[in-house]
1. Can you tell me how many residues within the range 170-189 are in contact with a strand residue (DSSP E or B) (Cβ under 7 Å, 6 or more places away or on another chain), under 22 Å from L65 (Cα atoms) and surrounded by fewer than 21 Cβ atoms within 10 Å (Cβ to Cβ)?
2. Provide a single number: the residues in the range 190-208 that are among the small types (G, A, S) and surrounded by 17 or more Cβ atoms within 10 Å (Cβ to Cβ).
3. Going through the range 74-116 one residue at a time, which ones are assigned to a strand (DSSP E or B), β-branched (V, I, T) and open to solvent by 50 Å² or more (accessible area, probe 1.4 Å)?
4. Just the residues that are open to solvent by 70 Å² or more (accessible area, probe 1.4 Å) and within 21 Å of the chain's Cα centre (by Cα), please, taken from the range 9-33.
5. Pairs only if they're at least six apart or on different chains, beta carbon under 8 angstrom, first in the range 44-55 and more than 8 Å from T158 (Cα to Cα) and open to solvent by 60 Å² or more (accessible area, probe 1.4 Å), second among the hydrophobic types (A, V, I, L, M, F, W, C) and not in a loop (DSSP other than H, G, I, E, B); list them, first residue then second.
6. Can you tell me which condition L153 does not meet? The list is (1) crowded, with 19+ Cβ neighbours inside 10 Å; (2) among the aliphatic types (A, V, I, L, M); (3) at pLDDT below 95, and all the others hold.
7. Assess whether V36 counts as being at pLDDT below 85 and open to solvent by less than 80 Å² (accessible area, probe 1.4 Å).
8. Give just the number: which of (1) in a helix (DSSP H, G or I); (2) modelled with pLDDT of 95 or more; (3) at positive phi does I29 not satisfy?
Amino acid sequence: ADVNGTNIFGMGKSAAAIDLENFASEANICEEQINVVGGGTIDRYTCNGVLVPSSNHKANLLRILLASAGTMDASGGIYRTFSGSWRSSSMTFTESDVDGAPTSMQLQIDQSNEVNIIGGSFADPNDMWVVKEYPELTDSASITNFGENAKKLDLPFTTDHRIAQRISKIKMRRLSAKRGFNANYWLRAVSLQPGDIVTQTYARYGISAETFRVDFWALEATEDGRSNPRLIVPMRLVEELQEWFDWDESTEEQSTPTIAVLPTSDRNPAVVGNRQASAIGETIDGS
């Protein structure tokens, strides 16, 4: 938005730089209804909060994206967003679709980096907007094998603990994704874009019809062994599985404690259970 010719809101991008069809499609996904304990449904995601113009664009975008477990891409100068939901595979690849061998490959995550506890804070409108912690998500099998590795995920624009729990599940799985690789693909991949899901088979590395998300995409001019010009599509693929987005409210949804009164001072954060909830704006982690 401009005031007397000065841009005070937004990033100053033209309307042509925003894929409006994509944004509308993702908004529809956020409005899909998800079952909750006790019956009824709620929106998959909602975004509730006020952006402060004095904050930098990255911090504000992270606040918005976190509210939908989302990602954003600006390939070709066009902004697109992808909310946290499963997308069917749009293309299937084998070894023959790769120029040579992958330029880098990850088949297993370092055990010390596998996140198996995740939790954080949100503002609860049912308790007069008290900042509290949503139910912590744990992976007991991973904890048994590797010990505890906790991640804090505050959700400043989320106001429902059930939405917060679903976001934390997706975030935990993505942070602990085991497989990923970079490779140069033939031109068949030119129609893809970051955020798309593909199915990859690479028998040499034990990958059999497994799903990956396109994390990076480019179109690059190069030469073959005889110096003939050609085009390739360098891509980075990261593991992404449908089960990460599944949600069974009867087995996965947890309740959150109710706080009857507000804390006596804004400087004294609310105590939830036996843990202390910090001010929600203090921790924004977009990793």
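1. 2
2. Filtering the range 190-208 for residues among the small types (G, A, S) gives 191, 195, 203, 206, 208.
Right, trim to surrounded by 17 or more Cβ atoms within 10 Å (Cβ to Cβ) and you get 195.
Residues flagged as among the small types (G, A, S) and surrounded by 17 or more Cβ atoms within 10 Å (Cβ to Cβ) within the range 190-208 amount to 1.
3. Restricting attention to the range 74-116, the residues satisfying the condition of being assigned to a strand (DSSP E or B) are 79-82, 91-93, 98, 104-106.
From what's left, β-branched (V, I, T): 81, 92, 98.
Listed by number, the list holds a single entry, T92.
4. Residues satisfying the conditions are L20, E21, F23, N28, E31, E32, Q33.
5. Once the first residue is more than 8 Å from T158 (Cα to Cα) and open to solvent by 60 Å² or more (accessible area, probe 1.4 Å) and sits in the range 44-55, its partners that are among the hydrophobic types (A, V, I, L, M, F, W, C) and not in a loop (DSSP other than H, G, I, E, B) give L51/I64.
6. (3)
7. Numbers: at pLDDT below 85: no; open to solvent by less than 80 Å² (accessible area, probe 1.4 Å): yes.
No; evaluated as a whole, the condition is false for this residue.
8. Condition not satisfied by I29: (3).
The values are calculated or read from the model by the stated rules, or taken from the named source; none is laboratory data. As the structure is a computational prediction, the values presented were derived from the model and not from experiment. Note that each Cβ is placed from the backbone with ideal geometry, even for glycine, and that neighbours are counted across all protein chains shown. Side chains included, ligands, DNA and RNA excluded: accessible areas come from the protein's heavy atoms. Shrake-Rupley method; radii C 1.70, N 1.55, O 1.52, S 1.80 Å.
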